[in-house]
Amino acid sequence: MLARRLLLIDMTPIGGPAATGAVKDVYFGDWPADRLLHVMGGDAGMLRIAAGKGAPRWLVQTEGLAQQLAAAFRPDLILYRPVADQPDLHRFAVEAAAGTNAPLATWTMDDWIGRLAASDGPAAAEAFAASLAPMFARAAVNFVISEGMAKAYGARFGQAFEVLRNAVDPSPAASDPAGSPGGAFRIRYAGSLAPETTLASVERVAAAVSAMARTSERISLEIRTQPHWRAMHGRRFRGLAGVSIGAADMDEAGYRAWIADADLLLVAYNFDEVTTSYLRYSFANKIPEALASGSAILLHGPASLETVRYLTDRQLAIAVTTPDTELLKTEIASAVGAPDRRRDLAMRARAHAAAAFERSERRAAFIATVRRVAARLPVDAEAAAGEQVQFDECAFVYAAIDAGARPGVMIDVGAHHGGSLKRFAAAGWTVHAFEPDPANREALLRATQGGPGRVSVSASAVAAEEAASAPFFRSDVSTGISSLGRFHESHAAAGDVPVTTLNRLIEDEKLDAIDFLKIDVEGFEWDVLQGLDFDRVRPRAILAEFEDRKTANRGVTAARLAGFLIDHGYEVWASEWWPVVEYGRTHSWRRLRRWPCETAPDGWGNLLAFIKPPCPDAIEDGFSLAVAGGSFGLSAERAVARFGAPPRPRSPLRRAIDALATRFPGAYRAARAVAGPVLRATGRRS
């Protein structure tokens with residue numbers, strides 16, 4: 001898995017209805033939320049901030065904010081998608097890139113320079129290009145959406161550009177692309193009704209369908225678009241025979257089924273100068289999913305656009321590349337009467353989607369690039385005692401064994417409140433948790449009840465041998481030091497508990513494999529390991545706490561634990577923490593070392609053992625996912641909490657400004673260009 005710290009600066013959220021959100025979901029949807037800090041656009045220039053796909057908060061803009069945020073989060077990579085009509089977001093990206101040494105990547109999906117030249121004039125276009133040039137020059141990698149854009153931007157800016165576009169996981173077609181005999185012929189369109197990109201051509205197709213429907217053709221055009229587009233332009237389609245318009249409120253599965261059940265899937269672009277300037281190099285994010293849908297594609301747009309040229313050159317669509325309503329009617333009528341042609345087009349499109357846009361291959365290539373350009377991690381660094389750095393060893397294991405790739409089996413001995421197992425349960429793992437402390441067990445049950453994965457909770461302690469009962473001790477100073485032995489002055493007897501072994505669990509649950517064994521039982525880790533027949537089941541990864549001050553009097557040390565694991569074929573790492581100052585307070589992590597290594601006599605920590613040694617990339621990913629605080633940076637959640645503000649209701653003035661920005665983007669940009677410098681000069685948000 002990839003778990004580097006990413007500062008993503010992009011207008012739209014990850015996922016959701018926007019096409020750019022869908023393509024980001026392909027590459028960032030499963031990125032660990034605490035390692036992905038997303039700064040995005042908001043209403044009328046307001047910025048928002050979120051951890052991964054979490055709920056966004058408002059980002060209070062102050063002088064030097066971008067540098068402060070980057071310094072606090074300490075990203076391994078900054079990725080920016082340039083958008084000209086979000087000046088505050090663009091300014092934030094420029095300042096963040098200039099104020100940190102983190103590697104930079106850019107991802108250009110639309111030719112904003114061409115659009116500005118057509119809508120706002122050459123001066124605006126050149127000014128935006130001038131702001132991009134130093135970013136492209138500094139970037140470790142510049143992604144673009146198409147080959148045409150890579151060539152044009154490479155010539156203009158003198159830099160190399162790599163193509164990165166949407167990807168899909170082709171699944172079996174939901175229905176016969178030739179349609180149902182005798183049924184109504186369904187043309188379906190899902191997308192925007194933006195005046196500057198699609199509206200005129202969608203209207204033209206609607207007019208053609210309406211004319212055909214009025215002459216008794218059993219044909220329909222179903223439009224699904226965002227509520228604001230429907231509110232603004234829905235009236236244009238009212239009264240048209242055979243044409244309906246609704247909100248794009250389907251979930252992902254519903255949307256895929258809907259497009260797969262079309263007789264023709266419409267892809268449309270306007271023929272005006274603004275559209276052709278803006279989209280000439282763009283490759284529509286919806287194209288891979290349209291090709292993979294199992295439906296034939298009806299393409300209506302100018303041949304000069306990259307998307308149109310791509311589909312027509314490969315004969316993947318029924319194409320009408322002139323703004324001709326009569327020609328549209330002719331081509332649609334021909335498609336209605338040619339089910340074999342539609343079936344052939346759909347099959348060819350699906351084969352192309354699988355070959356050119358297969359999700360796992362595209363993601364693997366992207367991940368390889370990120371690993372190449374992201375900052376290398378100082379896995380051998382040592383944190384100072386006063387830094388209060390935290391290190392989540394279970395997160396380290398999760399990344400090191402790529403636990404998110406497939407569900408596995410975890411045994412959590414000393415599960416406390418469930419903090420160690422929650423990441424694995426969320427990935428669909430089966431977890432057998434042991435927690436003999438009644439109060440901790442109650443909290444554990446609350447944390448796991450109704451949650452993801454399959455988590456069973458046992459009240460037994462685990463040791464080398466089974467016993468009907470054994471004395472148990474707990475503390476009012478810390479909930480984390482309950483134990484079968486008394487080692488702290490605050491320990492008090494808490495009754496007896498039953499004792500089981502790992503071998504008994506394996507027998508009862510018929511386990512033939514254990515993927516992760518985590519043991520944190522306050523000095524009795526050795527005993528737990530003695531209750532496991534390693535010749536029968538050998539866990540892929542083991543975490544075992546060590547603290548010689550607790551166990552040396554019983555002949556158990558970190559060195560003996562590590563030697564035992566090495567003798568059973570494991571590679572061992574030691575995650576060492578600074579000595580405990582006081583139980584009940586937050587402890588401070590110190591360092592990670594591969595065994596053999598020295599550990600401080602009064603130190604403590606966790607041994608991390610792997611039957612298959614993790615590769616260097618996996619070690620770096622584990623380190624990145626595990627460490628936070630001090631010189632290593634805040635987690636994304638903490639950064640959101642520090643810099644974000646709760647959402648607040650919009651005033652009537654703000655709603656009016658939002659409407660202006662949506663309906664008349666050119667006028668809105670012009671107004672901001674005048675008002676922005678004045679407001680900033682007076683200390684007010686622009």
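The values are calculated or read from the model by the stated rules, or taken from the named source; none is laboratory data. This structure is a prediction, so every number in the text was calculated from the model and none was measured. FYI the Cβ positions are ideal-geometry reconstructions off the backbone, even for glycines, and counts take in every protein chain you see. All accessible areas refer to the heavy atoms of the entire protein, side chains included, with ligands and DNA or RNA removed. Shrake-Rupley method; radii C 1.70, N 1.55, O 1.52, S 1.80 Å.
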Residue under evaluation SER456, criteria (1) over 13 Å from GLY495 (Cα atoms); (2) open to solvent by less than 50 Å² (accessible area, probe 1.4 Å); (3) not acidic (Asp, Glu), criterion not met: (2)
Top-ranked residue of the stretch 22-35 - restricted to ones that are assigned to a helix (DSSP H, G or I) and closer than 25 Å to PHE632 by Cβ, ranked as most open to solvent (accessible area, probe 1.4 Å): ALA33
Filter result for LEU291 (out of contact with any helix residue (DSSP H, G or I) (no Cβ under 6 Å at 6 or more places or on another chain) and crowded, with 24+ Cβ neighbours inside 10 Å): no
Selection count, the stretch 552-578, where residues are touching a Ser or Thr at 6+ places or on another chain (Cβ under 8 Å) and over 28 Å from LYS612 (Cβ atoms): 1
Matching residues, the stretch 231-241, being more than 22 Å from ALA211 (Cβ to Cβ) and without any contact (Cβ under 8 Å) to a residue 40 or more places away in the chain: ALA231
Single residue of ALA84, ALA98, ALA124 found to be touching a Phe, Trp or Tyr at 6+ places or on another chain (Cβ under 8 Å) and among the aliphatic types (A, V, I, L, M): ALA84
Of all residues in the stretch 210-230 being among the β-branched types (Val, Ile, Thr) and without any contact (Cβ under 8 Å) to a residue 60 or more places away in the chain, the one that is nearest to VAL336 (Cα to Cα): THR215
Output for the stretch 603-616, where each listed residue is open to solvent by 50 Å² or more (accessible area, probe 1.4 Å) and in contact (Cβ under 8 Å) with a residue 24 or more places away in the chain: ILE611, LYS612, PRO613
Which numbered condition TRP229 misses (of (1) among the aromatic types (Phe, Trp, Tyr); (2) crowded, with 20+ Cβ neighbours inside 10 Å; (3) in contact with a Lys or Arg (Cβ under 9 Å, 6 or more places away or on another chain)): (3)
Looking only at the stretch 311-353, and only at residues there that are farther than 27 Å from ALA211 by Cβ and touching a Gly at 6+ places or on another chain (Cβ under 9 Å), the one that is least open to solvent (accessible area, probe 1.4 Å): ALA349
Pairs where the first residue, in the stretch 575-593, is farther than 21 Å from ALA544 by Cβ and the second is among the basic types (Lys, Arg), C-beta under 6 Å, 6+ apart: none
Criterion (touching a Lys or Arg at 6+ places or on another chain (Cβ under 8 Å) and either closer than 26 Å to SER631 by Cβ or surrounded by 21 or more Cβ atoms within 10 Å (Cβ to Cβ) (or both)) met by exactly one of ALA399, ALA385: ALA385
Residue satisfying all of: in the stretch 624-638; open to solvent by 10 Å² or more (accessible area, probe 1.4 Å) and on the phi < 0 side of the Ramachandran plot; modelled with the lowest pLDDT among these: SER631
Positions within the stretch 427-450 being of a type in the set (Lys, Arg) and open to solvent by less than 70 Å² (accessible area, probe 1.4 Å), in sequence order: ARG441
Residues of the stretch 9-25 that turn out to be touching a Lys or Arg at 6+ places or on another chain (Cβ under 6 Å) and at pLDDT 90 or above, as a count: 2
Breaking point among (1) charged (D, E, K, R); (2) touching a Leu at 6+ places or on another chain (Cβ under 9 Å); (3) free of Cβ contacts under 8 Å to residues at least 60 places away in the same chain; (4) open to solvent by 10 Å² or more (accessible area, probe 1.4 Å), for GLU525: (4)
Which listed residue, of ASP508, ASP515, ASP527, is more than 39 Å from the chain's Cα centre (by Cα) and modelled with pLDDT of 95 or more: ASP527
Total residues in the stretch 54-78, condition within 21 Å of GLY622 (Cα to Cα) and of a type outside the set (Gly, Ala, Ser): 6
Exclusive hit being assigned to a strand (DSSP E or B) and either open to solvent by 40 Å² or more (accessible area, probe 1.4 Å) or aliphatic (A, V, I, L, M) (or both), set ALA544, ALA600: ALA544
Odd one out for GLY408 among (1) within 22 Å of ALA628 (Cβ to Cβ); (2) in contact with a Lys or Arg (Cβ under 8 Å, 6 or more places away or on another chain): (1)
Per-region count, the stretch 547-595, residues outside any helix (DSSP H, G or I), surrounded by fewer than 20 Cβ atoms within 10 Å (Cβ to Cβ) and within 39 Å of the chain's Cα centre (by Cα): 14
Which numbered condition GLY480 fails, given (1) within 21 Å of ASN440 (Cβ to Cβ); (2) buried (at least 16 other Cβ atoms within 10 Å of the Cβ); (3) touching a strand residue (DSSP E or B) at 6+ places or on another chain (Cβ under 9 Å): (3)
Yes/no for ALA365 being without any contact (Cβ under 8 Å) to a residue 40 or more places away in the chain and open to solvent by less than 50 Å² (accessible area, probe 1.4 Å): yes
Test set (1) in a loop (DSSP other than H, G, I, E, B); (2) free of Cβ contacts under 8 Å to residues at least 40 places away in the same chain; (3) on the phi < 0 side of the Ramachandran plot; (4) not charged (D, E, K, R) - GLN315 fails condition number: (3)
Enumerated helices (runs of 4 or more DSSP H) restricted to the stretch 371-489, each holding at least 2 residues that are under 25 Å from ASP512 (Cβ atoms) and in contact (Cβ under 8 Å) with a residue 24 or more places away in the chain: 393-400, 422-426
ASP621, sole failed condition from (1) charged (D, E, K, R); (2) open to solvent by 20 Å² or more (accessible area, probe 1.4 Å); (3) more than 20 Å from THR100 (Cα to Cα): (2)
